[in-house]
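Participant: If you scroll down you'll find the structure; I have some questions about it.
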Amino acid sequence: MNPSFFKFSSITKKIWMAFLGLFLMIFLVVHMGINLCLLRDDDGAWFKAAAHFMGTNYIVKVFEIGLFAGFILHILLGIILQVQNWMARPVRYMVSNKTETPFLSKYMIYTGSIVFIFLVIHFINFYFIKLGWVSNANILADGEPDFYTIAQQLFMRPGYSLLYIFLFIVLGFHLNQAFQAAWQTLGLNHPRYNTCVRRFGTFYAIVVPLGFIIIPIYFLLIR
């Protein structure tokens, strides 16, 4: 990577991180909508159709590359900014500095790291199979992975489902603080509507993770 990338000012890195974060939050809503098709009582017809479209449409494939790049840059920027903060204050204060900084903002790097672990697991189970990195036992006749069967098998495993639920709870905390931080970084905060922004961020951080969490609960308790 070009060394000049690391020389950007902190505010420039934060702005890029904010834009990338909002982009990824929009993607999460789309991803949740597709995943909720797993709950339909149609033998996976809707989910299979959506998975086939996502796996064969060339525009989606180009978007997929941009999505992966967005994830990598967002994670990389978060790490760089956190390391710079640590280097700027190598010795912690003996007495905690009481500020209005939200509690969770101090732990964004840790919640983000947990989310990264989920991404690695998710990519291994649902993306790298297309590259032949995972057993091809669930490959359809046309060569496409049978994502519906793969999802069913994974969510019927209590260990995987409980880990999935835990990681999305952590993601909810991360999203709640990340949305507010992005709004502030982009200079869009204003006393007149900051309350609405916080409420929307909290609403999003609850509804979206809950939409994903419903799926393993359904396969564990109802299916």
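Derivation of every value follows stated rules applied to the coordinates shown; laboratory data play no part. Note that the structure is predicted; figures quoted are calculated from it, not measured. Backbone-built Cβ (ideal geometry, glycine too); neighbour counts: all protein chains shown.
Participant: How large is the Rg to Rh ratio of the stretch 25-78 when both quantities use alpha carbon positions and Rh follows Kirkwood?
Facilitator: Rg/Rh: 1.07.
Participant: Let me ask something else about it. If you take the square roots of the eigenvalues of the alpha-carbon gyration tensor of the stretch 156-223 and sort them as a ≥ b ≥ c, do you get rounded (a/c under 1.5), prolate (a/b over b/c) or oblate?
Facilitator: prolate
Participant: Could you give the length gained on full extension between Leu163 and Asn189, defined as 0.36 nm per residue of separation minus the Cα-Cα distance, in nm?
Facilitator: 5.8 nm
Participant: Still on this structure: Using a basic spin-label model with each label point 7 Å from the Cα along Cα→Cβ, how many nm lie between Val62 and Leu81?
Facilitator: 2.9
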